[in-house]
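Q: One structure is given below, represented as structure tokens, and several questions about it will come after.
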Amino acid sequence: MSIAKDKTRPVFPFTAIVGQEEMKLALILNVIDPKIGGVMIMGDRGTGKSTTIRAIADLLPQIEVVTDDLFNSHMSDYELMSDFVKNRIENGEEIDKTLINVPMVDLPLGATEDRVCGTIDIEKALTEGVKTFEPGLLAKAHRGILYVDEVNLLDDHLVDVLLDSAASGWNTVEREGISIRHPARFVLVGSGNPEEGELRPQLLDRFGMHAEIRTVKEASLRVQIVEQRSKFDTDPYTCLLEFQDKQDELKNAIILAQEKLLGLTIDYDLRVKISEVCGILDVDGLRGDIVTNRAAKAFAAYQQKDHVDIEDIEQVITLCLRHRLRKDPLATVDSGEKVSQVFNKVFGYHN
């Protein structure tokens, strides 16, 4: 497969990213199963958060959409299809399809609710009786990735809107008694620096996973990261060719995992133990249980297994639970460490 040189701006290859394994795994699992509920990436400045998120979107295989549809509608899946397309199918109209790259939408910090959700042209609706909808960022992000940098600085109301759409898979816009809804199923990725303020616990809990990243301390790794970046900036196409096989390999692994996921099971006794861990950790609600089950299945599918085992749960449970623990300002143990300790105790696991 050759690299097309007509791309305006090459994207740094995902498989060339050194370190930050936690963040990379969380993104891959959310791409395999978007129902995990997105990922919150907290870490130091300049640790490649944005680069990694753009790289995963660029890695993904193209998706099939209805031509000239504002919402990237799926050809046959009703859950991923806008009402406009459904009406056309019910009326027996011919539907054309086209392939597009997986949408990667950046949400700017100063975005208004209209810009995010879209707007209804009230004047046209009243004078001509036509529902005219100007799609927002949620429509553009459907079946793709919506990335919010500095999510801890975003208006709480907007974060609520994003999380509601991500959870329900739909966005509804209502104005002056007129209502329009459209599918908005996307992987929500937030990033931020803890020094710039924490996210409210009830909002943090809505993110499926929470990855923490730190600046690499090891000198040889830092040199490798700098060299990799310099090589890409100097000659991006040669760098892309160098990693093409690895990129294709990972892309195929994700496609296979998505197919495998459908028939994958997790035994009852393992599900009970996951819930036991959540209970001991005093995790509010059942979101932690659900996400851990989903993530463990996605990880097992990624490993091409037929059943979830203890190792799969161990790989994901910290990512799924660490942000759901109640903050104790006097605690000396890191929340991730606490999850591991309880996991080892309940599962009797020692790696």
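The values are calculated or read from the model by the stated rules, or taken from the named source; none is laboratory data. Since this is a predicted model, take the numbers as computed values, not measurements. Cβ coordinates were reconstructed from backbone atoms using ideal geometry, including for glycine residues, and neighbour counts include every protein chain displayed.
Q: For a quick check of your reading of the model, give me the residue pairs whose first member lies in the stretch 136-157 and is over 12 Å from LEU70 (Cβ atoms), whose second is modelled with pLDDT under 90 and hydroxyl-bearing (Ser, Thr, Tyr), with beta-carbon atoms closer than 6 Å and at least 6 apart or on different chains.
A: What qualifies is ASP149/SER191.
Q: Shifting gears a bit: Within the stretch 110-119, track down each residue that is surrounded by 13 or more Cβ atoms within 10 Å (Cβ to Cβ) and assigned to a loop (DSSP other than H, G, I, E, B).
A: The one that is surrounded by 13 or more Cβ atoms within 10 Å (Cβ to Cβ) and assigned to a loop (DSSP other than H, G, I, E, B): ALA111.
Q: Scanning for something part of a helix (DSSP H, G or I), touching a residue at least 24 places away in the same chain (Cβ under 8 Å) and surrounded by fewer than 18 Cβ atoms within 10 Å (Cβ to Cβ), does the stretch 169-178 turn up at least one residue?
A: The answer is no, given that none of the residues of the stretch 169-178 is part of a helix (DSSP H, G or I), touching a residue at least 24 places away in the same chain (Cβ under 8 Å) and surrounded by fewer than 18 Cβ atoms within 10 Å (Cβ to Cβ).
Q: Hey, does the stretch 60-82 have a residue that's touching a residue at least 40 places away in the same chain (Cβ under 8 Å) and within 15 Å of TYR147 (Cβ to Cβ)?
A: Yes, because at least one residue in the stretch 60-82 is touching a residue at least 40 places away in the same chain (Cβ under 8 Å) and within 15 Å of TYR147 (Cβ to Cβ).
Q: Go through the residues of the stretch 79-96 one by one and say whether even a single one is modelled with pLDDT under 85, part of a loop (DSSP other than H, G, I, E, B) and among the β-branched types (Val, Ile, Thr).
A: Scanning the stretch 79-96 turns up at least one residue that is modelled with pLDDT under 85, part of a loop (DSSP other than H, G, I, E, B) and among the β-branched types (Val, Ile, Thr).
Q: What number of residues within the stretch 283-339 are modelled with pLDDT under 85 and of a type in the set (S, T, N, Q)?
A: 2
Q: A follow-up question, please. Out of (1) modelled with pLDDT under 85; (2) surrounded by fewer than 21 Cβ atoms within 10 Å (Cβ to Cβ); (3) in contact with a strand residue (DSSP E or B) (Cβ under 7 Å, 6 or more places away or on another chain); (4) closer than 30 Å to GLY336 by Cβ, the odd one out for MET75 is which?
A: The one condition MET75 does not meet is (4).
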